[in-house]
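Just so it is clear, none of the values below were taken in a lab; they were calculated from the coordinates. No experiment lies behind these values; they were computed from the predicted model shown. Here the Cβ positions follow ideal geometry from the backbone for every residue, glycine too, while neighbour counts run over all protein chains shown.
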Amino acid sequence: MKQIVSIYCEGSDTKFAVLEQAPDGVRLLKTASVDVYSSAQRPGNTFAGTQIIDADSAIQLEGLEGGLGGGGAEDGSQIFEGIVNSELAGIKLQNCEFISVMTEPSLLYQFSSKRATGGAGATQEILTQNGDAADNKKIKVSNSKETTATVGLADGGDVKIHLRQDMNCLSMINRLAKYNNRRFYKIVSVKSAEVSLANYVAKRKKFFPDDFSLIVYIGKEYSKLIFMQGRKIKHFGSTLDVGTSNLHTYDVYFSKILLEMENGGIPTLDNIIVCGEDVSENLVLSFYGTFPETNVSRLEYDDLHLGGLPEEIRNKLSAFAVPIAAYFEYLEETEKKQKGINLIPKYVLEEQKFLQFGWHALLVLPLLFFAAFYLTQLILTNGKEIDKLSRDVQIQTELKNRNLQILSQIEGLNARINSFDQTQVILDSITVGTEVWGNLLGKISAVAQQRRNFWVRSFNIEEQTGVKLEGHSLSKFVLTDVTANLDSSLLKSINYDPIRERDAYRYVITFKEPKR
């Protein structure tokens with residue numbers, strides 16, 4: 001499960017508790033408490049419209065103006081977000097989910113008691129519980145289902161919880177997101193501080209069905225009184241403008257408790273559970289002194305794993321009872337163990353959507369689906385066609401290459417055919433006088449065969465003399481016979497040219513070139 005940042009906004013006091021669901025149980029990772037006062041309420045403000053006092057941390061505000069973004073009015077408005085970032089250092093807020101816990105005046109409670117009205121429906125007029133009954137004013141509220149939740153009471157009636165429009169806690173989360181350059185942080189639930197705390201106490205304390213119990217939550221400036229019968233809510237007391245910052249005596253609690261017991265029809269108190277900023281021994285003893293027959297105890301957190309939190313935070317754990325209780329209520333909702341309340345406005349859910357559509361845009365979604373389906377089919381079909389054409393192109397390319405090779409071979413054969421014609425012409429021209437030369441050579445061969453001492457060494461054709469026949473003979477008289485046997489021949493010369501140890505004569509015989 002993701003880490004949850006539970007934020008409780010009560011007046012000028014804002015409490016942060018970071019928790020997560022681990023295999024071994026719920027772990028508390030970090031806590032922080034930041035007070036914000038307007039410059040009109042606190043004189044001597046050196047910041048632009050806001051003065052920050054961090055009561056629970058060691059952050060020094062001296063020099064903070066430069067450390068959190070420089071100077072000027074724009075930076076002064078971001079000092080609160082800067083302190084929150086410092087307090088929650090080490091927590092990746094962009095990965096967390098946020099729970100906003102609210103109380104009066106952001107929430108208005110409208111009681112419909114079955115005992116008083118006989119089960120009739122509640123009116124649209126709500127009495128504020130910020131002062132005495134004489135000072136209560138009637139406030140008109142809308143009955144929107146989106147920002148209204150109903151919680152059953154012990155007497156069979158119910159209380160309707162309305163979320164007003166001045167939701168500073170939600171806007172603070174959005175400012176924190178913008179400070180960290182985020183469009184928004186995911187807000188998963190908006191809880192009621194009184195209802196969450198009552199449910200948390202009811203599941204961890206052993207109450208008998210007929211027991212009347214009181215949960216006293218003491219804040220820094222305000223305190224809450226929540227009356228229960230058994231494990232159900234009986235009555236919400238009006239918010240007390242008394243807390244640890246302005247408390248001088250505990251007697252104001254006792255008188256207010258007696259008054260609210262009378263207003264809520266509570267005869268006695270069997271249990272008092274103390275939580276909040278003050279759970280000291282003096283407070284417990286004071287309740288024992290006023291209500292001696294009542295079991296007075298502190299709210300314990302045995303189901304929390306504190307890990308490596310310092311001792312200072314462990315001692316002040318009760319101050320974060322409300323954000324811790326809201327987290328456990330949300331956890332049980334997600335695990336389907338109970339049906340809690342969630343007052344988150346619809347516009348917040350719309351702003352947190354990745355794609356923000358109006359109702360008319362939803363009509364276009366089916367068209368977008370079919371268009372996407374059609375385009376996908378078209379792309380797949382065209383892809384197959386492209387693959388087929390690519391294969392055809394590859395086959396045609398290979399065929400073209402083979403055809404080019406065949407053409408090159410044809411060109412070679414064509415060249416050879418053309419050269420054959422030229423050779424044929426040459427051969428034809430040569431064969432014209434073949435018979436004449438054959439007869440001449442036949443006569444020379446016949447003479448040479450008859451005369452064993454006569455042979456031809458060279459046979460040349462000259463332009464001036466005609467055919468020139470050179471050779472050797474062992475007898476010069478043979479040469480005259482050869483000349484006589486060859487028509488029109490002329491013995492040009494006879495030279496003595498011995499060959500090794502034998503006498504030999506070199507001769508030259510010429511005769512005219514035979515006519516073709």
Original post:
About its Cα centre, what dipole magnitude does region 396-516 give when the only charges are +1 on Lys and Arg Cβ and -1 on Asp and Glu Cβ, stated in debye to the nearest 20?
Top reply: 320 debye
Subject >> Low-density loop cleavage sites - trypsin sites (Lys or Arg not before Pro) in region 232-311, where at most 13 other Cβ are within 10 Å (DSSP) >> reply: none
**OP:** Given a cut-off of 32 Å, name the pairs among K205/K336; K220/K353; K92/K337; K186/K206 whose C-alpha atoms lie farther apart than that in the structure shown.
**Re:** K220/K353; K186/K206
Subject >> region 488-513 and region 168-203: distance between their alpha carbon centers, rounded to Å >> reply: 138 Å
Original post:
Normalised by the residues of region 167-316, what does the relative contact order come to in percent, with Cα pairs under 8 Å and at least six apart?
Top reply: 18 percent
**OP:** Hey, can you grab everything whose amide H is under 5 Å from the amide H of K468? Only 5+ residues off in sequence or another chain; H modelled, so Pro and N-termini drop out.
**Re:** N460, I461, E462
Original post:
Tally Lys and Arg at +1 and Asp and Glu at -1 over the other residues with C-beta under 11 Å from the C-beta of G243: what net charge comes out?
Top reply: -4
**OP:** For N295, enumerate residues with amide H under 5 Å from its amide H, sequence gap 5+ or separate chain, H modeled in the peptide plane.
**Re:** N271, I272
Original post:
Length gain on complete extension for the stretch N295 to K388, per 0.36 nm per residue less the alpha carbon to alpha carbon distance?
Top reply: 24.8 nm
Subject >> In order through region 371-387: 3J(HN,Hα) via Karplus (6.51 cos²θ - 1.76 cosθ + 1.60), integer Hz, x for Gly, Pro >> reply: 5, 5, 5, 5, 5, 5, 4, 5, 5, 5, 5, 5, x, 5, 5, 5, 4
Subject >> From phi via Karplus (6.51, -1.76, 1.60), per-residue ³J(HN,Hα) for region 19-32 in Hz, x at Gly/Pro >> reply: 10, 8, 8, 10, x, 8, x, 8, 10, 8, 8, 6, 9, 7
Original post:
Cα to Cα, under 17 Å, and not fewer than 8 places away if on the same chain: which lysines meet these conditions relative to K443?
Top reply: K468, K512, K515
**OP:** Starting from the Cα gyration tensor of region 451-511, multiply each eigenvalue by 5, take the square root, and state the resulting semi-axes largest first in whole Å.
**Re:** 20, 13, 9
Original post:
In terms of modelled amide H atoms, which long-range or inter-chain residues lie less than 5 Å from the amide H of K492?
Top reply: V508, I509, T510
Subject >> Length-normalised contact order of region 267-323 in % [C-alpha pairs under 8 Å, at least 6 apart] >> reply: 45 percent
**OP:** Rounded to whole Hz and in sequence order, give me ³J(HN,Hα) for region 190-207 from the Karplus expression 6.51 cos²θ - 1.76 cosθ + 1.60, θ = phi - 60°, writing x for Gly and Pro.
**Re:** 10, 10, 8, 4, 5, 5, 4, 5, 5, 5, 5, 5, 5, 8, 10, 10, 8, 9
Original post:
Looking at the square roots a ≥ b ≥ c of the eigenvalues of the Cα gyration tensor of region 292-337, which shape do they give, rounded for a/c under 1.5, prolate if a/b is larger than b/c, or oblate?
Top reply: oblate
**OP:** For each of I266, I99, I83, count neighbouring Cβ atoms within 10 Å of the residue's Cβ, then give the residues from fewest to most.
**Re:** I266, I83, I99
Subject >> Rel. contact order, % - alpha carbon contacts under 8 angstrom, at least six apart, region 451-511 >> reply: 34 percent
**OP:** Please order C275, C96 by the number of other Cβ within 10 Å, starting at the fewest.
**Re:** C96, C275
Subject >> Projected-area mean, region 278-409, by convex hull of Cα positions, square nanometres >> reply: 21.1 nm²
